[in-house]
Amino acid sequence: MKSASDLKEKLVAQALAEGFVSARICRPWDVPEVPERLEAFVAAGYHGQMGWMEERTHWRGNPAALWPEARSVIMLAESYTPQEDPMAVVGMADRGAVSVYARNKDYHDLVKKRLKRLARWLIAEAGDETQVKVFVDTAPVPEKALGQAAGLGWQGKHSNLVSRDWGNWAFLGSVFTTLDLPADAAEPDRCGSCRACLDSCPTDAFPAPYQVDARRCISYLTIEHKGPVAEDLRGKLGNRIYGCDDCLAACPWNKFAVAASDMRYAAREELKAPKLAELAGLDDAAFRAMFSGSPIKRIGRDRFVRNVLYAIGNSDDASLLPRAQMLLGDPDPAVTDAAAWAAARLG
């Protein structure tokens, strides 16, 4: 029978062979700081409309409670480093900026399939009595805190995980298991005095280093926030129509970024710099067809077109005025409101 250390060594090698850029191990109970941080985040109202964060604090704050039988958490990082400058499209008046991670296939599907293959390999290697559960950003699991505890990297001042080996362009996934595997050492914070990510934020969404007020974060506003966006923030969205990469792109540790191993993360040509005029004309059927298999699909046509209209309003391009006027009678109140705002800005 293989020793736990031998099994771990083979597991890490298998994870890398599957396409993950890094694999480390911690215990479910290795993040005692999470409950207090989560409680403070919710108490300050920083979660905005994300009520599920408040409802699942017991599990999100205590991974050991999610599955009490688990003895180890295998934390994995999968690179999605962009092939082109992620900020090149920002500021192009007639184009929309889509976050790097959403320019092709939905990472939830790709990472989860890889996690399941690794989990099946682990069961075959360790024995049928081995139990596993896989998670990728869809369950109340504090992936970033567990990633730091496992030594994948550290939570930077922008709150995302940063690594000396692969920068901060990576998706995180986890495999919880009943196996008792040797744990890795946690990664210390290496941000130092750097403020690049904090200073890059267009909406000042960081009340302090390591803290994010989601209510001001462009990723939250364009993806999670329902209804009209506050007028004092609309102008700061620029042409960002789905997500935001500013703080990630600013991180100096990206000089060590590793190329994505899966070409399905490479940007679709039509999403590198999509034309706002064309996006504004999408009805529900056209929206679903264009974004089939994309994470963008989950926010729906109405919220997406609302974002497009904010970008049109920020474009200073009078040729886009008819597109805004065309949507003044849209059935969705947030779209109508955004159209009126855009038309007023351009008119």
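Here, each number is a calculation from the coordinates, and none is a lab measurement. Keep in mind the model is a prediction, meaning the values are calculated, not measured. Please note: Cβ atoms are built from the backbone with ideal geometry, for glycine as well, and neighbour counts cover all protein chains shown.
When only C-alpha pairs under 8 Å and at least 6 residues apart count, what is the relative contact order of the range 275-347, in percent?
32 percent
Neighbour counts of other C-beta atoms within 10 Å: give me H47, H108, H158 arranged from fewest to most.
Neighbour counts put them in this order, fewest first: H108, H47, H158.
Got a sec? Charge dipole of the range 275-347, +1 on Cβ for Lys and Arg, -1 for Asp and Glu; which of L327, L282, A344 is way out at the positive end?
Working it through, the farthest residue towards the positive pole turns out to be L282.
Please determine, in degrees from 0 to 90 and to the nearest 10, the orientation of helix 34-43 with respect to the longest principal axis defined by the Cα atoms of the chain, where the helix direction is its Cα long axis.
The helix 34-43 is inclined about 20 degrees to the chain.
How would you classify the range 103-143 from its alpha-carbon gyration tensor, with a ≥ b ≥ c the square roots of the eigenvalues: rounded for a/c under 1.5, else prolate if a/b is greater than b/c, otherwise oblate?
Oblate is the answer for the range 103-143, as a/c is 1.5 or above yet b/c matches or exceeds a/b.
Helix 300-313 sits at what angle to the longest principal axis of the chain, using alpha carbons and giving 0 to 90 degrees rounded to 10?
The answer is roughly 60 degrees.
For the pair A285 and L328, what calculated FRET efficiency results from E = 1/(1 + (r/R0)^6), where r is the Cβ-Cβ distance and R0 = 25 Å, to the nearest 0.05?
After rounding to 0.05, the efficiency reads 0.70.
Which ³J(HN,Hα) values, rounded to whole Hz and listed in residue order, are derived for the range 17-22 from phi using the Karplus coefficients 6.51, -1.76 and 1.60 in 6.51 cos²θ - 1.76 cosθ + 1.60 with θ = phi - 60°, glycine and proline given as x?
5, 6, x, 5, 8, 7
Sort out for me the Cα centre separation of the range 169-194 from the range 214-293, rounded to whole Å.
Their Cα centres are 27 Å away from one another.
When the dipole is taken about the Cα centre of the chain, and only Lys, Arg (+1) and Asp, Glu (-1) are charged at their Cβ, what size is it in debye, to the nearest 20?
Dipole of the chain, to the nearest 20 debye: 420 debye.
Could you put I296, I312 in order, starting from the residue whose Cβ has the fewest other Cβ atoms within 10 Å?
If I rank by nearby Cβ atoms, fewest first, I get I296, I312.
Let's see if you can work this out: charge +1 on each Lys and Arg Cβ, -1 on each Asp and Glu Cβ, no other charges. What is the dipole magnitude of the range 275-347 about its Cα centre, in debye to the nearest 20?
It works out to roughly 260 debye.
Which residues does the label zone of R298 cover in the range 143-177, counting backbone N under 17 Å from a point 7 Å along Cα→Cβ?
143-144, 170-174
Would you pull out the residues with amide H under 5 Å of A260's amide H, same chain only if 5 or more places away, H placed 1.01 Å from N?
T81
Taking θ as phi - 60°, what are the ³J(HN,Hα) couplings along the range 79-87 by the Karplus curve (6.51, -1.76, 1.60), each to the nearest whole Hz, with x for Gly and Pro?
Result, rounded to whole Hz: 6, 10, 3, x, 7, 10, 4, x, 9.
Classify the range 1-146 from the C-alpha gyration tensor, please: rounded if a/c falls under 1.5, else prolate or oblate depending on whether a/b exceeds b/c.
Note, shape of the range 1-146 comes out oblate.
Each residue of the range 108-124 in order: what ³J(HN,Hα) in whole Hz does its phi give by Karplus 6.51 cos²θ - 1.76 cosθ + 1.60, θ = phi - 60°, with x for Gly and Pro?
4, 5, 5, 5, 5, 4, 5, 4, 5, 5, 5, 5, 5, 4, 5, 5, 5
Compute the Cα gyration tensor for the range 275-347, then decide on rounded, prolate or oblate, letting a ≥ b ≥ c be the square roots of its eigenvalues: rounded whenever a/c is under 1.5, prolate when a/b is larger than b/c in the other cases, and oblate in all that remain.
Prolate, since a/c reaches 1.5 and a/b exceeds b/c.
I'd like the orientation of helix 333-346 relative to the chain: the angle between its Cα long axis and the longest Cα principal axis, in ° from 0 to 90, rounded to 10.
The helix 333-346 is inclined about 60 degrees to the chain.
Per DSSP H run of at least 4 residues, take -39500 (n - 2.57); add these up for the chain, divide by its residues and hand me the 222 nm value, nearest 500 deg cm²/dmol.
My calculation for the chain gives -10500 deg cm²/dmol from helical runs alone.
What FRET efficiency would be calculated for the residue pair E224, R117, taking the C-beta separation as r and a Förster radius of 22 Å, to the nearest 0.05?
0.15
Give me the one-decimal nm value for the distance between modelled label points at E84 and E231, 7 Å along each residue's Cα-to-Cβ direction.
3.6 nm
Cα-Cα over 27 Å: which of K255/K297; K133/K272; K144/K226?
Over 27 Å Cα-Cα: K255/K297; K133/K272.
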